[in-house]
Amino acid sequence: MALKLQTLRSLMTGHTDRNDERRILDLLSDATTAELNHLLLNVDLNRLLSDVDDRVVGPDNLTTLLDLLCVKRARELGLPLRAALVAALQKGFTHEAFERRVRDLFLGLHGRELTEFKNLLDGRGSYHDLQQLLFHDVDDEAIRQDILAHIFREAIPSGENKVLSDIDDTFLANWKDTRYPSKTVYPGVLQFYRELDRGPGVIPGREGDLTFISARPADPLGLIEDRTLATLSQHGVGPSVMLSGAFTHLLGNARIAAMKFENFSRYVQLYPEYGFVFTGDSGQGDVAFGEQMLAAYPEVVRAVFIHDVVDTPAPVRQRWRDKRIFFFDTYVGAAMDAFEVGVIALDGVGRIARAAQEEMERVPFASESQRQARLAELSRDLRRAEI
């Protein structure tokens with residue numbers, strides 16, 4: 001196996017002519033299942049796809065390679081390898097031949113195996129995620145609809161929720177909220193995400209279902225999105241997905257809500273086997289967005305949690321609560337609402353409460369009066385949780 005890998009790497013070094021390409025194809029075609037997986041896991045797939053070419057006059061070696069990997073022997077490839085192959089096909093300009101092969105890889109998977117594959121594509125911590133793939137990189141509408149129809153047909157309810165969250169004034173103080181020092185990650189928010197991801201059952205759900213849906217604009221190269229994901233990672237967020245906004249939707253809460261709802265409507269098509277929970281704030285269109293989510297998808301949107309940064313009156317909060325939109329001041333309060341609506345477990349409330357208390361102690365408030373006001377809110381919600 002080591003000798004075959006050495007040979008493959010040697011053939012991919014420098015200029016690759018048609019004879020080298022033929023030897024690569026023969027090597028991969030003749031490999032056992034174990035050898036094929038080992039070879040492909042240990043070479044640069046982007047380089048492999050760029051080294052092998054179709055010619056105007058001569059053999060269509062790239063077509064042969066894609067047929068071999070994406071159709072003939074696709075079932076022999078492990079799911080992580082198939083996801084890596086899609087990533088290689090997705091990189092750079094995705095021309096029609098690559099889009100068809102992406103379709104082949106999707107249509108070759110069924111049920112929970114397809115769900116796992118989609119989650120692998122979304123677990124890379126990059127803007128090259130599943131939504132980018134199917135709604136931007138795949139621009140042939142017929143191919144896109146073939147894939148989406150297959151996803152819908154094959155959906156087996158997972159019993160789990162995708163956890164959606166805004167960033168500014170939801171994850172960290174960064175817009176209207178002046179109650180905390182700028183850029184403060186809210187006490188308890190990370191544990192709140194973990195508990196929503198874990199779910200209410202005795203057996204934890206799979207990790208990695210956190211998706212940020214933000215008004216922050218995207219750019220064609222994904223630089224803003226990747227930078228935001230890197231910043232979130234620095235603040236303790238694990239691999240996550242980012243559904244970005246647009247420069248044209250930066251102004252006005254209605255536009256922000258419309259952009260988020262458009263992204264969410266696409267996201268629902270990607271994961272019909274999941275429920276959804278959203279956490280946002282009261283300062284930038286998230287209440288309107290949450291209301292749209294619940295109105296359009298009442299069967300799958302479990303609850304909406306709104307971090308209140310504009311002092312919403314209690315009667316108004318109650319009216320929203322009746323619609324499954326829960327306003328909160330601290331993440332302990334959010335945890336109690338989440339437990340009562342059935343999306344986290346009771347022991348998860350305790351873990352969130354402990355995290356919030358510990359993290360509150362480390363917040364560098366500008367004044368003692370500001371600290372005491374936040375501690376009073378936290379103490380009130382801790383009493384509600386009886387902790």
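The values are calculated or read from the model by the stated rules, or taken from the named source; none is laboratory data. If you're wondering where the values come from, they're calculated on a predicted model, not measured in any experiment. Cβ placement follows ideal geometry from the backbone for every residue including glycine, while neighbour counts extend to all protein chains displayed. Side chains included, ligands, DNA and RNA excluded: accessible areas come from the protein's heavy atoms. Shrake-Rupley method; radii C 1.70, N 1.55, O 1.52, S 1.80 Å.
Residue under question is V310, and the condition is that it be closer than 30 Å to G111 by Cβ, open to solvent by 10 Å² or more (accessible area, probe 1.4 Å) and of a type in the set (A, V, I, L, M); does it hold? It is false that V310 is closer than 30 Å to G111 by Cβ, open to solvent by 10 Å² or more (accessible area, probe 1.4 Å) and of a type in the set (A, V, I, L, M). The single condition from (1) under 30 Å from A155 (Cβ atoms); (2) of a type outside the set (V, I, T); (3) open to solvent by less than 70 Å² (accessible area, probe 1.4 Å); (4) assigned to a helix (DSSP H, G or I) that R317 fails is (1).
Among all positions in the stretch 257-264, there is no residue which is of a type outside the set (V, I, T), surrounded by fewer than 18 Cβ atoms within 10 Å (Cβ to Cβ) and in contact (Cβ under 8 Å) with a residue 12 or more places away in the chain. Taking the residues in the stretch 335-369 that are more than 14 Å from D381 (Cα to Cα), in a helix (DSSP H, G or I) and in contact with a Pro (Cβ under 9 Å, 6 or more places away or on another chain) as candidates, determine which candidate is least open to solvent (accessible area, probe 1.4 Å). The qualifying residue least open to solvent (accessible area, probe 1.4 Å) is G348. Within the stretch 16-39, the set of residues being assigned to a helix (DSSP H, G or I) and β-branched (V, I, T) comprises I24, T33. With respect to (1) part of a helix (DSSP H, G or I); (2) touching a strand residue (DSSP E or B) at 6+ places or on another chain (Cβ under 8 Å), the lone exception for T312 is condition (1). Answer yes or no as to whether V43 is under 19 Å from H150 (Cβ atoms), open to solvent by less than 40 Å² (accessible area, probe 1.4 Å), within 29 Å of the chain's Cα centre (by Cα) and not charged (D, E, K, R). Taking the combined requirement at face value, the residue does not satisfy it.
May I ask you to list the residues in the stretch 129-157 that are outside any helix (DSSP H, G or I), surrounded by fewer than 19 Cβ atoms within 10 Å (Cβ to Cβ) and in contact with a helix residue (DSSP H, G or I) (Cβ under 7 Å, 6 or more places away or on another chain)? Residues satisfying the conditions are D140, I156. Being under 33 Å from the mean Cα position of the chain (by Cα) and open to solvent by 30 Å² or more (accessible area, probe 1.4 Å) is a property that does not hold for D26.
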